[in-house]
Each structure stands twice: as C-alpha cells, then as structure tokens.
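Enquirer: Dropping the structure in here first, questions after.
The values are calculated or read from the model by the stated rules, or taken from the named source; none is laboratory data. As the structure is a computational prediction, the values presented were derived from the model and not from experiment. Cβ placement follows ideal geometry from the backbone for every residue including glycine, while neighbour counts extend to all protein chains displayed. When the accessible area is computed, the model is the full protein with side chains, heavy atoms only, and any ligands, DNA or RNA have been set aside. Shrake-Rupley method; radii C 1.70, N 1.55, O 1.52, S 1.80 Å.
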Amino acid sequence: NVEAQVQERTEALHQSEERLRLALDAAHMGTFDWDVPGNHIIWSRRHEELWGFKPGEFVGTYESFAERLHPGDRPGIDAEVARCIAVREPFAREFRVVWPDGSLHWIDARGEFTFDAAGQPVRMRGAVIETTARKQAEAEAACQTKVLEMIARGAPLAETLTAMLLSMESFAPGMLCS
C-alpha cells in the first residue's frame with residue numbers, strides 16, 4: 001500500500017508547512033533561500049514587506065537586496081557574508097534597511113550556508129525579523145539614563161532641559177522642542 005503511505009506523508013508535510021507558516025506569520029518573520037552561484041534569492045511575502053517591497057516586486061538578486069540596505073551598513077554586510085563563507089560560520093547581523101519612502105527599519109538576519117564538495121557556497125537559507133521598535137526603545141532608554149545622570153550630578157538646569165528636548169526631537173521626527 002505504497003500509494004496510501006505517499007498520500008499520508010504528503011498530508012503530514014502539508015500540515016507541517018502550514019504550522020511553520022503560521023508560526024512565521026505570528027512572529028512577523030520572513031525567510032529567504034539564496035542560490036549563491038545562480039545569484040537568485042527567493043523571499044517569503046513577509047520578507048518582502050520587511051524590505052518595503054510590494055508583493056512580487058523583489059527581483060531576487062543580491063543587488064536588489066543590497067539596494068535597500070542603509071549605505072553605512074552595506075560594507076559590513078558584504079564583509080560578514082564573505083567572512084561567514086570563508087570560515088563556514090552562520091551569518092548573524094543586525095542592520096538597517098531604507099524603504100522607498102525614506103523610513104529606516106532595523107532588521108536582524110540569521111542564515112546558514114551550505115557548501116558543495118569543493119567547498120564552494122551553494123545556498124544560504126535563513127530568516128529575518130524587524131527590530132526597529134526594540135532599537136528605538138533602547139535609544140530612548142539611553143537618553144533617559146543620560147538625563148537622569150545629568151540630574152544626579154547636578155548639571156545646570158538649562159543643559160539638562162536642552163538634553164531632554166533634543167532627546168524628544170530625535171524620537172518624534174518633525175517635532176521641534178528646542
């Protein structure tokens with residue numbers, strides 16, 4: 001009864017894929033699969049959203065991926081990819097992505113390369129998640145700590161208030177407090 005076994009395993013695979021999709025959606029995570037020699041990357045729908053692409057807009061190349069990287073982060077990403085290939089370690093990096101509207105989004109990416117018998121990279125598979133809210137909360141906490149330290153050491157009131165106002169402006173684009 002091979003046919004029944006195949007059908008049973010196919011159904012189990014579909015159920016497993018559905019559970020994975022639900023978990024990734026709940027976590028707001030995207031996935032990718034990069035055919036390194038062919039320079040073709042497949043992204044999940046969520047991954048496209050995290051880069052500010054409309055569904056189907058990503059053309060699937062490393063260059064298209066890199067176009068949205070913050071210019072200050074691209075050299076580090078390229079170097080880390082090369083390093084991970086050279087030492088055969090997993091990729092783990094946090095970086096910024098710039099959407100077409102100019103907004104900045106922090107991304108945490110994790111991935112692993114697979115290699116052929118000659119030691120050449122064949123694929124990189126991984127996942128991405130947006131960390132913008134966490135990065136903003138960390139920056140806000142650092143600003144609050146700075147102001148509290150100024151108060152504790154008895155900094156002049158005008159200096160402390162200026163630091164507070166500049167901090168508020170940095171977290172509310174367009175707001176002028178100073």
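Enquirer: For the stretch 8-21, indicate whether the set of residues that are part of a loop (DSSP other than H, G, I, E, B) and out of contact with any Phe, Trp or Tyr (no Cβ under 7 Å at 6 or more places or on another chain) is non-empty. Before you say what the answer is, go through the steps one by one.
Expert: From the stretch 8-21, those part of a loop (DSSP other than H, G, I, E, B) are none; that's our starting set.
The answer is no; no qualifying residue exists.
Enquirer: Please give the number of the condition Ile41 fails out of (1) within 21 Å of Leu20 (Cα to Cα); (2) under 15 Å from the mean Cα position of the chain (by Cα).
Expert: If we test Ile41 against (1) within 21 Å of Leu20 (Cα to Cα); (2) under 15 Å from the mean Cα position of the chain (by Cα), just (2) comes out false.
Enquirer: Which residue pairs have Cβ atoms under 7 Å apart, sit 6 or more places apart or on different chains, and have a first residue in the stretch 116-142 that is in a loop (DSSP other than H, G, I, E, B) and a second that is among the hydrophobic types (A, V, I, L, M, F, W, C) and modelled with pLDDT of 85 or more?
Expert: Asp116/Val122; Thr131/Trp106; Thr131/Ile107
Enquirer: Could you go through the stretch 153-176 and let me know if any residue there is at positive phi and either open to solvent by 80 Å² or more (accessible area, probe 1.4 Å) or in a helix (DSSP H, G or I) (or both). Steps first, please.
Expert: As a first pass, look at the stretch 153-176 and keep what is at positive phi: 154, 174.
Filter again for either open to solvent by 80 Å² or more (accessible area, probe 1.4 Å) or in a helix (DSSP H, G or I) (or both), leaving 174.
Looking for residues that are at positive phi and either open to solvent by 80 Å² or more (accessible area, probe 1.4 Å) or in a helix (DSSP H, G or I) (or both), one finds at least one in the stretch 153-176, hence yes.
Enquirer: Could you pull out the residue among Ala66, Ala109 that is surrounded by 12 or more Cβ atoms within 10 Å (Cβ to Cβ), among the small types (Gly, Ala, Ser), part of a strand (DSSP E or B) and at negative phi? If you could, list the steps in order and put the result at the bottom.
Expert: Values: Ala66 fails: part of a strand (DSSP E or B).
Going through Ala66, Ala109 in turn, just one is surrounded by 12 or more Cβ atoms within 10 Å (Cβ to Cβ), among the small types (Gly, Ala, Ser), part of a strand (DSSP E or B) and at negative phi: Ala109.
Enquirer: Out of Gly56, Gly60, which single residue is surrounded by 12 or more Cβ atoms within 10 Å (Cβ to Cβ), over 14 Å from the mean Cα position of the chain (by Cα) and at positive phi?
Expert: None of the others qualify; the one that does is Gly60.
Enquirer: Oh, and also: Got at least one residue in the stretch 93-102 being over 17 Å from the mean Cα position of the chain (by Cα) and not aliphatic (A, V, I, L, M)?
Expert: yes
Enquirer: Another question, if that's okay. How many residues are more than 24 Å from Gly119 (Cβ to Cβ), free of Cβ contacts under 8 Å to residues at least 24 places away in the same chain and in contact with a Gly (Cβ under 6 Å, 6 or more places away or on another chain) when one looks only at the stretch 16-53?
Expert: Qualifying residue count, the stretch 16-53: 2.
Enquirer: Here's a check for you: in the stretch 75-99, which residue that is loosely packed, with under 15 Cβ neighbours inside 10 Å and among the charged types (D, E, K, R) is farthest from Ala117 (Cα to Cα)? Step through it out loud before you land on a result.
Expert: We begin by selecting, within the stretch 75-99, every residue loosely packed, with under 15 Cβ neighbours inside 10 Å; these are 75-76, 78-79, 82-83, 86-90, 92, 94, 99.
Checking which are among the charged types (D, E, K, R) leaves us with 78, 83, 88-89, 94.
Working: Asp78: 24, Arg83: 19, Arg88: 13, Glu89: 17, Glu94: 31 Å.
Here the residue is Glu94.
Enquirer: How many residues does the stretch 29-50 contain that are at pLDDT 95 or above, part of a loop (DSSP other than H, G, I, E, B) and surrounded by 15 or more Cβ atoms within 10 Å (Cβ to Cβ)?
Expert: Adding up the residues that qualify gives 1.
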